[in-house]
Amino acid sequence: MFAVLKTGGKQYKVQSGDLLRVEKLAADAGEKVQFNEILMLGGDSPVVGAPLVDGAAVQAEVIDQVKGDKVINFVKRRRKHGSQRTRGHRQKLTLLRVTEILDKGADKTGVKAAIGAGSVAGVAVAAAEAKKPAKAKPAAKAKPAAKTKAEAPAGSDDLKKLSGVGPALEKKLVEAGVTTFAQIAAWTEADVAEMDEKLSFKGRIEREGWVEQAKDLTKG
């Protein structure tokens, strides 16, 4: 018996015992998860969903959280002041072993549903875990309010002088440990790519020319 399941925007044909790599799931190694979006069941009497097969599911055990092969993205702009950028990406994946294919009764198994780590539901699950109440502790004397993580330390530069940087982007940079123009001026292409991906700037650093601006501001 085989099944065609849907997860992470992709479809997979699986049988019991198969090893499968899917888009990262919100689950730890050793956990059992259940895929409820089943498009088809194959065997002696194939069943095609409309669009899903009612009551069907595929259960699997999480083996590990892994990364896919590196994908290189190269962009070159042919202009008078053109630029080029090389960026690598490795997709986060979850390695599974299919343990069972159910043709009915999926809603009564009690097995945790497979949820994508980047999905709205996955983020909600992670947030719920983080908000679990901790054990009560005895009351302590009030302490002076500490500086918030995003508050720039003494001696920091006004990063809002960079093109396109407002309070929100400045806060992101400070949280990442970037507080001076000298730091930005010293960035290599690899540093720019890493920071761009880490803070989800989507090419803003290169597009706005922060490195060159930082060099000029450092000179005064």
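The values are calculated or read from the model by the stated rules, or taken from the named source; none is laboratory data. For clarity, every value in this text was computed on a predicted model and none was experimentally measured. Cβ sites come from the backbone with ideal geometry, for glycine too, and all protein chains shown count toward neighbours.
Figures for the structure shown
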| read-out | value |
| --- | --- |
| Residue pairs meeting the criteria (Cβ under 6 Å; at least 6 apart or on separate chains; first more than 15 Å from Gly116 (Cα to Cα) and touching a residue at least 12 places away in the same chain (Cβ under 8 Å), in region 25-47; second part of a strand (DSSP E or B) and of a type in the set (Val, Ile, Thr)) | Leu39/Val4; Met40/Val4; Met40/Val48; Leu41/Val47 |
| Residue in region 61-77 that is surrounded by 15 or more Cβ atoms within 10 Å (Cβ to Cβ), farther than 17 Å from Val22 by Cα and of a type in the set (D, E, K, R) present | no |
| Region 1-32, residues that are surrounded by 19 or more Cβ atoms within 10 Å (Cβ to Cβ) and of a type in the set (Ser, Thr, Tyr) | Thr7, Tyr12 |
| Yes/no for Leu41 being more than 30 Å from Gly203 (Cα to Cα), over 26 Å from the mean Cα position of the chain (by Cα), among the hydrophobic types (A, V, I, L, M, F, W, C) and surrounded by fewer than 19 Cβ atoms within 10 Å (Cβ to Cβ) | no |
| Among (1) aromatic (Phe, Trp, Tyr); (2) in contact with a Leu (Cβ under 6 Å, 6 or more places away or on another chain); (3) over 18 Å from Val98 (Cβ atoms) - the single one Phe74 does not satisfy | (2) |
| Breaking point among (1) of a type in the set (Lys, Arg); (2) surrounded by 10 or more Cβ atoms within 10 Å (Cβ to Cβ); (3) modelled with pLDDT under 80, for Lys137 | (2) |
| Count of region 52-84 residues which are modelled with pLDDT under 90 and assigned to a loop (DSSP other than H, G, I, E, B) | 5 |
